[in-house]
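Just so it is clear, none of the values below were taken in a lab; they were calculated from the coordinates. Here the structure is a predicted model, which means the values were calculated and not measured. Virtual Cβ from ideal backbone geometry, glycine too; neighbours counted across all protein chains shown.
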Amino acid sequence: MTSFWTGKRVRLRGIEPDDWTAFMRFAADEERLGDLLHPPRSAEGYRAWAREQAAAKSDGDCFQLAVEASDTGEIVGAVGTHHADPRAGWFDYGVTIGAEHRHKGYASEAVVVLLRFMFAERRYHKCQARIFTHNEPSLALHRRLGFVEEGRLRDHVFFAGRHHDLVMMGMLAEEFTQLHSMSEL
């Protein structure tokens with residue numbers, strides 16, 4: 001049996017201290033995409049962050065994982081959960097893939113592996129994603145995966161000198177099960 005965390009294209013794993021350079025590249029890619037703008041962080045800041053992530057104890061159902069290409073072992077992105085509410089049965093999640101690794105199926109597979117864990121093993125009922133309206137590739141990815149647009153928060157986020165809408169998308173565990181079989185990876 002292969003690892004639960006390994007698919008055809010990706011393996012999800014904990015963040016290692018040496019991953020800091022990849023995360024520095026991902027941050028630059030996200031800025032170019034027009035995501036939230038943050039002050040520049042030093043290389044040492046990324047090194048310290050990666051060391052902290054590598055040594056951090058699990059925060060329940062909130063965690064971040066590196067996405068590694070199965071064929072090369074190269075880190076191609078990250079996926080993680082946040083704002084989990086086990087009592088109500090929902091969680092938010094996010095995924096990022098480095099610019100040079102997009103359109104290769106890494107994001108789709110990483111998300112399916114993560115959702116399979118959260119729905120089947122952790123017994124959550126619903127996953128939520130918040131996506132900027134101008135991020136058409138992410139909206140398309142989520143629609144392909146089976147997420148449904150549940151609403152739009154108008155002028156909800158301010159960056160790049162103006163307000164932007166935020167699309168709220170969701171998927172229920174039963175919808176996931178119908179669309180994604182356990183053997184698909």
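Give the Rg/Rh ratio for the chain, taking Rg as the radius of gyration of the Cα atoms and Rh as the Kirkwood radius, to two decimals.
Details: Rg = 16.2 Å, Rh = 17.2 Å.
My calculation of the ratio gives 0.95.
Across region 2-88, Cα-Cα pairs more than 21 Å apart make up 39 percent of the total. Relative to the current alpha-carbon distance between SER3 and ARG152, full extension at 0.36 nm per residue lengthens the span by 49.9 nm. Based on the Stokes-Einstein relation at 20 °C and a viscosity of 1.002 mPa s, and on the Kirkwood radius from alpha carbon pairs, region 70-126 is assigned a translational diffusion coefficient of 173 µm²/s. Loop-located trypsin sites (Lys or Arg not before Pro) in region 45-98 (DSSP state not H, G, I, E or B) with no more than 12 neighbouring Cβ atoms inside 10 Å: LYS57, ARG87.
Annotation: amide H-H contacts under 5 Å for ILE15 (H modelled 1.01 Å from N, sequence separation of 5 or more, or interchain): ALA66.
Here's how it looks for PHE132: its modeled amide H is under 5 Å from those of VAL167, which are all 5 or more places away or on a different chain.
Derived scalar couplings between HN and Hα for region 18-23 equal 6, 6, 4, 5, 5, 5 Hz in order, rounded to whole Hz, by the Karplus curve 6.51 cos²θ - 1.76 cosθ + 1.60 (θ = phi - 60°), x for Gly and Pro. Under 5 Å from the amide H of ALA160 lie the amide H atoms of LEU37, each residue being 5 or more positions distant or on a separate chain, with H modelled from the backbone and absent for Pro and chain starts.
Of all lysines in the structure, the ones whose alpha carbon falls short of 21 Å from that of LYS104, not counting any fewer than 8 places away in one chain, are LYS8.
Going by the alpha-carbon gyration tensor, a ≥ b ≥ c the square roots of its eigenvalues, is region 119-185 rounded (a/c under 1.5) or, if a/c is not under 1.5, prolate (a/b greater than b/c) versus oblate? Walk me through the numbers on the way to the answer.
Numbers: a/c = 3.10, a/b = 2.25, b/c = 1.38.
Verdict is prolate for region 119-185.
Pull up the cross-link candidates among the aspartates and glutamates for LYS126, meaning alpha carbon to alpha carbon under 17 Å and not fewer than 8 places away within one chain. Partners within reach: ASP61, ASP85, ASP92, GLU149, GLU150, GLU174, GLU175.
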